[in-house]
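**Student:** I'd like to ask some things about the structure below.
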Amino acid sequence: MREVDVVGVRVEMPSSQPIVLLREVGGERYLPIWIGAAEASAIAFAQQGMEPPRPLTHDLFAETIRVLGHTLSQVRIVNLTDGVFEAILVFDDKTEISARPSDSIALALRTGTPVFCTEEILAEAGIPVPDSETDDDEVVEEEEVERFREFLDNVTPEDFDKS
């Protein structure tokens with residue numbers, strides 16, 4: 001398993017399909033996952049630290065976990081079949097629950113839980129984007145965002161069809 005960071009959410013054009021982009025920690029691969037609009041909003045809200053006036057579903061689930069005295073210890077993206085990703089929520093008591101990656105990522109962002117992905121999925125669906133060699137964090141972040149935009153401008157769902 002490789003840890004991944006959530007880079008962000010963007011809408012892929014012309015299909016208007018939201019994508020969440022994950023980046024391999026300590027590596028150069030990016031993993032795009034097509035997601036639903038509601039989950040894209042939930043992920044974006046969590047990344048921006050926005051708190052809605054009433055809890056959204058992911059906020060409610062995070063609070064339920066906390067109130068029941070548990071913690072979410074890991075989110076694992078574990079399977080890719082016919083273009084559909086599958087994830088597992090791993091709790092402190094080792095309980096595992098199957099979930100969609102989009103919901104899992106939204107929950108992980110709200111609970112500060114690390115996200116992991118299997119090496120096999122990164123090898124199959126990951127896109128290598130070599131890092132810049134500059135030390136300026138702001139420049140690196142801008143270059144990363146620009147590479148993400150270029151990637152999204154050129155990628156299509158068919159790029160991940162292995163049939």
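**Student:** Sum up the charges of everything whose Cβ sits under 9 Å from the Cβ of R100, counting Lys and Arg as +1 and Asp and Glu as -1, but leave R100 out.
**Tutor:** Once positives and negatives cancel, what remains is -3.
**Student:** While we're here: Does a label point 7 Å from the Cα of E124, set along Cα-to-beta-carbon, have any residues of region 73-93 with amide nitrogen under 14 Å, and which are they?
**Tutor:** 77-87
**Student:** Note down the nm distance, to one decimal, between modelled labels 7 Å out along Cα→Cβ at V67 and at V25.
**Tutor:** Calculated label separation equals 3.0 nm.
**Student:** Taking 0.36 nm per residue of sequence separation and subtracting the Cα-Cα distance, how much length would be gained by fully extending the chain between V11 and L60, in nm to one decimal? Mind dumping the intermediate values first?
**Tutor:** Working: separation 49, 0.36 × 49 = 17.64 nm, distance 2.57 nm.
Full-extension gain reported as 15.1 nm.
**Student:** How would region 30-116 be classified by its alpha-carbon gyration tensor: rounded, prolate or oblate, with rounded meaning a/c under 1.5 and the a/b versus b/c comparison settling the rest?
**Tutor:** Note, shape of region 30-116 comes out oblate.
Computed from the coordinates by the stated procedures, all read-outs in this text should not be read as laboratory data. These figures come from a predicted structure and were not determined experimentally. Ideal geometry is used to build each Cβ from the backbone, glycine not excepted, and the neighbour counts take in all protein chains shown.
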